[in-house]
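Take a look at the structure below.
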Amino acid sequence: MEPLWNRWLILDTMIRFFPGVATNHAPLDVVGQLRRRHGIKAADVARIRIGLVDFAIGHGGSITRPSDAISAQFSLAFSVGLQFVTGRNAPADYFEPSRWTDPEILAIGDLVESYPMPIPEGDPVFSTKVDIELRDGTVLSAYQAGFPGHASRPATRQDIERKFLTAVDGLLPAERAAALLTAVTTLEEQDTVRAVTKHYGVPGRPTA
């Protein structure tokens, strides 16, 4: 136990760039990379096979019909469908009931097949292999060890700032979000937290 006292827990902190459980992050990252690299559209897809660590199958890999924000964030199928249909995984969409039953999102989700796979020795448990089979028979594949933001692939400051701006998109005007970001990153230079809190709240409504 003694050596553990010399390690800061913050070194193992994960920064999550998708609004969901950790087991979904590598698959969503890989799906996004393949989509962008090959210009894959929802109509092109025949099947999506996703290999995960065994316990992840019951930890979101088996949920296909979310009924609330929590099950939406756990559902790998829903998240993949959402990304194909909207082009992203915006936090607000996981809280929007109409998204949970959107036929286009669910149709893509129904093409997702998750299966347990052995994780190569030395790779993070949250690793994945994604195979996207297109209707013309082409199969596009990629393996990824862990995900950006995992302790094995630490997030950069730019990554974290981008995550913040993505999370508040649609909730705060762009100018206000940028001002809040600047206020937070320069907090140690401020005389009062008012420099930060004045950017909180609903636009047009006074803040404390």
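The values are calculated or read from the model by the stated rules, or taken from the named source; none is laboratory data. On a predicted model such as this, the values are computed, not experimentally measured, just so you know. No Cβ is skipped: glycine too gets one built from the backbone with ideal geometry, and neighbour counts run over all protein chains shown. Heavy atoms of the whole protein, side chains included, go into the accessibility calculation; ligands, DNA and RNA do not. Shrake-Rupley method; radii C 1.70, N 1.55, O 1.52, S 1.80 Å.
Here the Karplus relation 6.51 cos²θ - 1.76 cosθ + 1.60, evaluated at θ = phi - 60°, turns the backbone of segment 95-102 into coupling constants of 9, 9, x, 5, 5, 5, 10, 4 Hz, with x for every Gly and Pro. As a check on your grasp of the helix formula, calculate [θ] at 222 nm for the chain: sum -39500 (n - 2.57) over DSSP H runs of n ≥ 4, divide by the residue count, round to the nearest 500. One gets -9500 deg cm²/dmol as the mean residue ellipticity at 222 nm. Overall, the chain carries a charge dipole of about 400 debye about its Cα centre when +1 sits on the Cβ of Lys and Arg and -1 on the Cβ of Asp and Glu, all other atoms neutral. Here the gap between Ala151 and Arg194, fully extended at 0.36 nm per residue and compared with their Cα-Cα distance, gives a gain of 12.2 nm. For the peptides 174-185, 50-61, 119-130, 79-90, the ranking by mean Cβ contacts within 10 Å, running from highest to lowest, is 79-90, 50-61, 119-130, 174-185. Note on segment 19-85: with charges restricted to the Cβ of Lys and Arg (+1) and Asp and Glu (-1), its dipole about the Cα centre is near 320 debye. In percent, rounded to a whole number, the relative contact order of the chain is 24, using alpha-carbon pairs under 8 Å and six or more apart. Under the criterion of Cα pairs below 8 Å and six or more residues apart, the relative contact order for segment 99-208 equals 13 percent. Overall size of segment 56-208 from C-alpha positions, given as principal axis extents largest first: 58, 40, 29 Å.
Using a probe of 1.4 angstrom, how much of the accessible area of the chain is carbon and sulfur, in percent? Let's see the in-between values first.
On the way: 6800 of 11780 Å².
About 58 percent, which is the carbon plus sulfur part of the accessible surface.
May I ask you to compute the full-extension gain from Arg162 to Leu187, defined as 0.36 nm times their residue separation minus their alpha-carbon distance, rounded to one decimal in nm?
7.2 nm
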